[in-house]
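Novice: Okay, handing you the structure first.
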Amino acid sequence: MSRIVSGTPDRQLLDRVEHILESEALQNSEILKRLLRFLAEKTANGEGDQLKEYTIAVDAMDKPSTYDPRHDSAVRIQVGRLRQKLAEYYRTEGKGDSVVVDLPKGHFKLRCEPRKGVPDGSEPRPKSIRARILAWGGTAALMILTVVIGWGVLSFFRVRQTEAMSPVGEVGWSTDLQQLWRPFLATDRPMLVAIEDPLFVELQRGSGIYYRDKSFDEWGKASDSRGVKALRRTFDYPNTQPSRYYTSFGEVDAAFQIGRVLGPRESNIAVVKTSELSWEELAHNNVIFVGVPVFFGEQFKSMSTQPEFVFVSNGIQNVHPKPGEPAVFLDQFSTAPTEAGEVFALVTRSPGPVGSTYFETFMSNRASGYVGAVRWFTDPNFAHMLVSNLKRTYGNVPSYFQIVLKVQFTDQVPTQTSYVCSRQLR
């Protein structure tokens, strides 16, 4: 790897960046190495404040001169990933560094500052075995850290610790998984994993009181609901504000499994909140959505081909039942004292809004459902059964489809998942 060459006096920044470029945190991401090197050189030369998305795309990421930041979010995605990698580096390999290289949000100019609480001149600590294991996790584990907040953070770290302690080679890949994910991997378009961030109503009383009504995901409807009005009366009419501070363990688990399998094969991958996913991003990125149907917004509904299966409050409606198939696949489960039973999951792959991208959703009325469904797309054994069923029915894996799976679960953990039926979308 070539070293940064510059005649500028800002050697501290260049030296620190050179050290980070050689770290394990960036060893599997050439695009992020090029981006960091480019930003460091421009910053050191006094050009950091003048950097624009277009310049970065063309000069650092080899994008064509026709690149349009209004319709392509590649730069924003990679800059976000670079911030994540820098944060990961300073949590692990660089936690003893006396100087921190930072990329502030909203800017492309790097910042190099002394680290608080670390004596000047101290050297980075030797990499521990755990730090190496965490680094080997690569993009797959890191992408989850950007989304998990609240109690989801704690849940994620438990999962990540378990995965990290297993040999890296156990993450399997097969010809069946290749067939299932080929449309997403055979393109240079960025891949976004969209995770639901449910709407809570925060009552500003004391440290805050949070209320969630699953039937609403729009602030206007939620804030004007009977439940919120009753709570405001109870607490002497405090002010309210929207909050999307929490996500559930199910979304974290599912996204982790997707990133764990696809991360080593797709470097241009990032996580986004569903509430912040724009129509523009849907049109120019391959998108994977994980969550419950209430988050399947209007922008999603209008972009898909005509569906053969649609969600209803108690299961999945079969729009055109074939002989022997029910009109509705009914969920049957209990929520107290523990969640247990069976639910149906629906996996849909459809074209993006302009037809040049892919959009895939893993949805169910319960988290256990879409977690079980994701496993069929990330585990080689389940993927083999799924591909066999699709080939038996259609002769190959269709470009666009809907697949219904039945998931049995206990204590919110999927215990058995089985193939029910599918439809090819045209």
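Novice: Taking the conditions exactly as written (over 25 Å from E281 (Cβ atoms) and in the same structural domain as V272 (by TED's automatic domain parsing)), does E308 satisfy them or not? Break it down into steps so the answer makes sense when it comes.
Specialist: On the way: over 25 Å from E281 (Cβ atoms): yes; in the same structural domain as V272 (by TED's automatic domain parsing): yes.
Yes: the conditions hold for E308.
Novice: Then there's this: For the stretch 30-68, give me the residue count where each residue is among the β-branched types (V, I, T) and either under 16 Å from K85 (Cβ atoms) or in contact (Cβ under 8 Å) with a residue 40 or more places away in the chain (or both).
Specialist: Kept after step one, since they are among the β-branched types (V, I, T), are these residues of the stretch 30-68: 31, 43, 55-56, 58, 66.
Then keep just the ones that are either under 16 Å from K85 (Cβ atoms) or in contact (Cβ under 8 Å) with a residue 40 or more places away in the chain (or both); that gives 31, 43, 56.
Matching residues across the stretch 30-68 total 3.
Novice: With in the same structural domain as F289 (by TED's automatic domain parsing), in a strand (DSSP E or B) and not small (G, A, S) as the only criterion, which of T378, T361, T338 stands out? Quick ask: steps written out before the conclusion?
Specialist: Values: T378 fails: in a strand (DSSP E or B); T338 fails: in a strand (DSSP E or B).
Going through T378, T361, T338 in turn, the sole match is T361.
Novice: Restricting attention to the stretch 341-358, which residues are surrounded by fewer than 19 Cβ atoms within 10 Å (Cβ to Cβ) and part of a loop (DSSP other than H, G, I, E, B)?
Specialist: Selection gives P353, V354, G355, S356.
Novice: I'd like to verify a number: residues in the stretch 312-323 that are of a type in the set (A, V, I, L, M, F, W, C) and either over 14 Å from K406 (Cα atoms) or part of a loop (DSSP other than H, G, I, E, B) (or both), how many? Break it down into steps so the answer makes sense when it comes.
Specialist: First, pick out the residues of the stretch 312-323 that are of a type in the set (A, V, I, L, M, F, W, C): 312, 316, 319.
Those still in the list that are either over 14 Å from K406 (Cα atoms) or part of a loop (DSSP other than H, G, I, E, B) (or both) too: 312, 319.
Selection size over the stretch 312-323: 2.
Novice: Still on this model: Inspect all residues belonging to the stretch 15-24 and state whether any of them is under 27 Å from the mean Cα position of the chain (by Cα) and either under 22 Å from V193 (Cβ atoms) or assigned by TED's automatic domain parsing to the domain that holds G259 (or both).
Specialist: The answer is no; no qualifying residue exists.
Novice: Still on this structure, please answer the following. Does G291 qualify as being at pLDDT below 85 and of a type outside the set (A, V, I, L, M, F, W, C)?
Specialist: yes
Novice: If T247 passes every condition in (1) within 24 Å of G369 (Cβ to Cβ); (2) out of contact with any helix residue (DSSP H, G or I) (no Cβ under 8 Å at 6 or more places or on another chain) but one, which one does it miss?
Specialist: Failing condition for T247: (2).
Novice: Does G220 satisfy being part of a helix (DSSP H, G or I), exposed (fewer than 15 other Cβ atoms within 10 Å of the Cβ) and touching a strand residue (DSSP E or B) at 6+ places or on another chain (Cβ under 7 Å)?
Specialist: Values: part of a helix (DSSP H, G or I): yes; exposed (fewer than 15 other Cβ atoms within 10 Å of the Cβ): yes; touching a strand residue (DSSP E or B) at 6+ places or on another chain (Cβ under 7 Å): no.
For G220, the condition - part of a helix (DSSP H, G or I), exposed (fewer than 15 other Cβ atoms within 10 Å of the Cβ) and touching a strand residue (DSSP E or B) at 6+ places or on another chain (Cβ under 7 Å) - is not met.
Novice: Working only within the stretch 413-426, note down all residues that are surrounded by fewer than 17 Cβ atoms within 10 Å (Cβ to Cβ) and not in a strand (DSSP E or B).
Specialist: The answer is R426, and nothing else.
Novice: For the condition closer than 24 Å to A367 by Cβ, charged (D, E, K, R), buried (at least 19 other Cβ atoms within 10 Å of the Cβ) and modelled with pLDDT of 80 or more, what is the one hit in E251, E202? Break it down stepwise before answering.
Specialist: Details: E202 fails: buried (at least 19 other Cβ atoms within 10 Å of the Cβ).
After applying the criteria, what remains is E251.
Novice: Is it the case, given these coordinates, that E170 is under 18 Å from the mean Cα position of the chain (by Cα) and modelled with pLDDT under 70?
Specialist: On the way: under 18 Å from the mean Cα position of the chain (by Cα): no; modelled with pLDDT under 70: yes.
No, not satisfied.
Novice: Kindly list, by first and then second residue, each pair from a residue in the stretch 273-301 that is more than 17 Å from A255 (Cα to Cα) to a residue that is of a type in the set (G, A, S) and at pLDDT 80 or above, limited to pairs with Cβ atoms under 7 Å and residues at least 6 apart or on different chains.
Specialist: Within 7 Å, the pairs are L282/G352; A283/G352.
Novice: Something else about it: Kindly indicate which of Q317, Q402 is closer than 29 Å to E218 by Cα, surrounded by 14 or more Cβ atoms within 10 Å (Cβ to Cβ), without any contact (Cβ under 8 Å) to a residue 24 or more places away in the chain and not small (G, A, S).
Specialist: Numbers: Q402 fails: without any contact (Cβ under 8 Å) to a residue 24 or more places away in the chain.
The match here is Q317.
Novice: Taking the stretch 246-275 only, how many residues are within 12 Å of the chain's Cα centre (by Cα) and assigned to a helix (DSSP H, G or I)?
Specialist: 13
Novice: Follow-up. Report whether or not A373 is over 19 Å from the mean Cα position of the chain (by Cα), part of a helix (DSSP H, G or I), of a type in the set (A, V, I, L, M, F, W, C) and closer than 24 Å to I195 by Cα. Outline the logic, then answer.
Specialist: Working: over 19 Å from the mean Cα position of the chain (by Cα): no; part of a helix (DSSP H, G or I): yes; of a type in the set (A, V, I, L, M, F, W, C): yes; closer than 24 Å to I195 by Cα: yes.
So A373 fails the test.
Novice: Kindly evaluate S399 against the criterion of being modelled with pLDDT under 95, not charged (D, E, K, R) and not in a helix (DSSP H, G or I). Give the derivation first.
Specialist: Values: modelled with pLDDT under 95: yes; not charged (D, E, K, R): yes; not in a helix (DSSP H, G or I): yes.
Judged against the criteria, S399 is a match.
Novice: With a cut-off of at least 1 residues that are modelled with pLDDT of 80 or more and farther than 28 Å from S278 by Cβ, name the helices (runs of 4 or more DSSP H) lying wholly within the stretch 1-118.
Specialist: Numbers: elements: 11-21, 30-44, 53-60, 74-91.
By residue number, 11-21, 30-44, 74-91.
Novice: Turning to a different aspect of this structure: On the given criteria, is A283 of a type in the set (A, V, I, L, M), within 30 Å of L26 (Cα to Cα) and assigned to a helix (DSSP H, G or I)? Write out each step before concluding.
Specialist: Numbers: of a type in the set (A, V, I, L, M): yes; within 30 Å of L26 (Cα to Cα): yes; assigned to a helix (DSSP H, G or I): yes.
Spelling it out, A283 is indeed of a type in the set (A, V, I, L, M), within 30 Å of L26 (Cα to Cα) and assigned to a helix (DSSP H, G or I).
The values are calculated or read from the model by the stated rules, or taken from the named source; none is laboratory data. Quantities reported herein were computed from a predicted structural model and do not represent experimental measurements. Using ideal geometry, Cβ is built from the backbone for each residue, glycine included, and neighbour counts are taken over all protein chains shown.
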